Structures are given as C-alpha cells and as structure tokens.
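Undergrad: First, the structure itself, so that you have it in front of you.
Bear in mind these aren't lab numbers, they're just calculated from the coordinates by the rules spelled out. Bear in mind the structure is a predicted one, so any value in this text is a computation, not a measurement. Note that we place each Cβ from the backbone using ideal geometry, even for glycine, and neighbour counts take in every protein chain shown.
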Amino acid sequence: MKIPNKKEITYYFTHFFWLSLLFVASYGYTNHFASQRTDHFELYMDIEKRIPFLPGWILVYFSINGFFVLPLFYLNKGEMRLLSQCFVWITIFASICFLVFPMRLGYTKPGSITTFPLIYKLFYTIEKPHNLFPSLHIAYSSLILRFVIKKTNHTEKLIFLFWFIFLVFSVLFTHQHHISDIFGGMMLTYLVLKITMYWQGKRRGLIGRDRS
C-alpha cells in the first residue's frame, strides 16, 4: 500500500468521474430500454429461487464503493489508465449484452422489508431487474481485484479475496443476480483483460520496431 500524492488523487478521481458518467448513461439507458420490452430472457435454475433473501447483506453489496478506492493506494498512473480502459470496455460490452439479452429476475420480490427499508425502497425505485447478465457488480470488483492483488502483501491478499467473495454472495442474498450473472461478470473481466493485454503487447511491439 502507498500514500497517493496530489497528482495521483486528481488523476484517479478525474477518471472515476468520467467512468461514472459512462456507467450512469449506459446502464440507465439500457435498463429503461429493457423495461419497455416484453421479450425478456431467463437464465437461472429453479433451485436458485430457494436462495434466502437476507436484507442486511445490502451493506456488503454497497461496500463495492470501498473497492473502487483501492486502486488509488496500489496503482501508479499508467496502471490506473489501463484499469480505466478496461472499465470502459467492460461497460460497453455489458451494455451490448443488456440490449440484446434483457433478462428477467427469477426471485419473488420481498413484501415488507424491515431491515434498511429506506435503502431498499430507493433501490427498487431506481433499479429495474433486467440488466442482469453479465453482472457489472462482479465484473468491476473482479477487475479491480485482478489489478490490485499483485501489489498486496499476504494479509492484504486474504482480506481482499474474502471481501470479493462476500461481494459475490451479497448479489445473491440481496436477490440482485443469479449464479449465471456472476460467472458472466467474471468471464467478461477475463476476456477484456486478455484483449487489452494483447493490444498492449502489440502496441509495445510496434513502438519497439519504430525505435529500432
């Protein structure tokens, strides 16, 4: 872990601001578009409907906001830039999936919620349960984990791995996603990283050839 300097803080939050705008615009549009359609897909097993709804896990669900700050304390500016590029591609590819495959959530919406009722009321007002596959919650958090984990010590590795595992469970226990969405989010991150690293390698090769 490092203490970021003023330039790194400014650089990171500038990127974070524009990435947030991209997310809000793309997610909001695709969610609204999907809510107008009737031809929704289902991608879950019946046994998943037995997963209990545990409202207190909403705090774990929203702890992803802490995950978003981690790169500031572990990555340099070049790594932050690469992370931002991956965020853009994940958001774009996921948005295409949301448009082509609007999903239907298989859980029954809970009636009266006594734990954090205001949070859930706001949540259900904004959120439409169609932008499910792949899970951006999982895609974003697994992307950050992949970038940060190699810069951590043993204790930090364990903390962040367990945090990520809890985030995975939180999307199930708050009935926001199905198991297929989780695997879809992880696969999307894997593919984007592979493509990004491939083009980074090609770019370095071209630069090296030009210099020689």
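Undergrad: Charges on Cβ only, +1 for Lys and Arg, -1 for Asp and Glu, centred on the Cα centroid of the chain; of Ser35, Leu72, Asn131, which one is farthest towards the dipole's positive end?
TA: The listed residue farthest towards the positive side: Leu72.
Undergrad: Could you give the nm distance between label points at Val100 and Leu161, where each point is 7 Å from its Cα heading toward the beta carbon?
TA: Each label point lies 7 Å from its Cα, and together they span 3.4 nm.
Undergrad: Sort all Cα-Cα distances of the range 68-157 into consecutive 10 angstrom bins from zero, then give the percent of pairs in each bin up to the one containing the longest distance.
TA: Cα pair-distance distribution for the range 68-157, in percent: 13, 33, 28, 23, 3.
Undergrad: What net charge do the residues around Phe133 carry, taking every other residue with its C-beta under 11 Å from that of Phe133, with Lys and Arg at +1 and Asp and Glu at -1? Don't skip to the answer; put the middle values down first.
TA: Values: positive: Arg104; negative: Glu42, Asp181.
That sum, taken over residues with Cβ under 11 Å, equals -1.
Undergrad: While we're looking at this one, here's another question. Counting other beta carbons within 10 Å of each Cβ, put Asp46, Asp181 in order, fewest first. Each step should come with its number before you reach the end.
TA: Working: Asp46 7, Asp181 25.
The fewest-first ordering by Cβ neighbours comes to Asp46, Asp181.
Undergrad: Treating cross-link reach as a plain straight distance, find the lysines whose alpha-carbon is under 23 Å from the alpha-carbon of Lys109, omitting any fewer than eight places away in the same chain.
TA: Leaving aside lysines fewer than 8 places away in the same chain, those within reach of Lys109 are Lys49, Lys121, Lys128.
Undergrad: So if R0 is 30 Å, what FRET efficiency would Leu191 and Ser112 give, r being the distance between their Cβ atoms, rounded to the nearest 0.05?
TA: Working: r = 41 Å, r/R0 = 1.37.
Taking R0 as 30 Å, the efficiency between Leu191 and Ser112 is 0.15.
Undergrad: Which whole-Hz couplings ³J(HN,Hα) result when phi for each residue of the range 109-120 is put into the Karplus expression 6.51 cos²θ - 1.76 cosθ + 1.60, θ = phi - 60°, listed in order with x for Gly and Pro?
TA: 5, x, x, 9, 10, 9, 9, 6, x, 5, 4, 5
Undergrad: Moving on to the next point. Once the Cα atoms of helix 136-148 and of the chain are each reduced to a long axis, what angle between those two axes, in degrees from 0 to 90 to the nearest 10, is obtained?
TA: That works out to roughly 30 degrees.
Undergrad: Could I ask something else about it? If I take R0 = 35 Å and measure r between the Cβ atoms of Asn76 and Ile126 in this structure, what FRET efficiency does the formula 1/(1 + (r/R0)^6) give, to the nearest 0.05?
TA: On the way: r = 35 Å, r/R0 = 1.00.
Computed FRET efficiency for Asn76 and Ile126: 0.50.
Undergrad: For a bin width of 10 Å, list the pair-distance distribution of the chain built from all Cα-Cα distances, rounded to whole %.
TA: 8, 30, 35, 19, 6, 1, 0
Undergrad: So how tilted is helix 64-74 from the main axis of the chain? Cα-based, degrees 0 to 90, rounded to 10.
TA: 10
Undergrad: Which whole-angstrom value gives the distance between the alpha carbon centres of the range 1-31 and the range 124-186?
TA: Each part's Cα centre sits 18 Å from the other's.
Undergrad: So which lysines can Lys2 reach, going by Cα to Cα under 19 Å and dropping same-chain residues fewer than 8 places off?
TA: Lys77, Lys150, Lys151, Lys157
Undergrad: In deg cm²/dmol, rounded to 500, what helix-only [θ] at 222 nm does the chain give when every DSSP H run of at least 4 residues adds -39500 (n - 2.57) and the total is split over its residues?
TA: Taking each H run of at least 4 residues, the total per residue is -23500 deg cm²/dmol.
Undergrad: Net charge around Lys151, counting only other residues with Cβ within less than 15 Å of its Cβ (Lys, Arg = +1; Asp, Glu = -1)?
TA: Taking every Cβ under 15 Å from that of Lys151, the sum is +2.
Undergrad: With 10 angstrom as the radius, rank Trp199, Trp57, Trp163 by how many other C-beta atoms surround their C-beta, starting from the fewest.
TA: Details: Trp199 11, Trp57 22, Trp163 18.
So the ranking, lowest neighbour count to highest, is Trp199, Trp163, Trp57.
Undergrad: Over the Cα atoms of the range 1-67, what Rg and Dmax result, in angstrom?
TA: 18.4, 51
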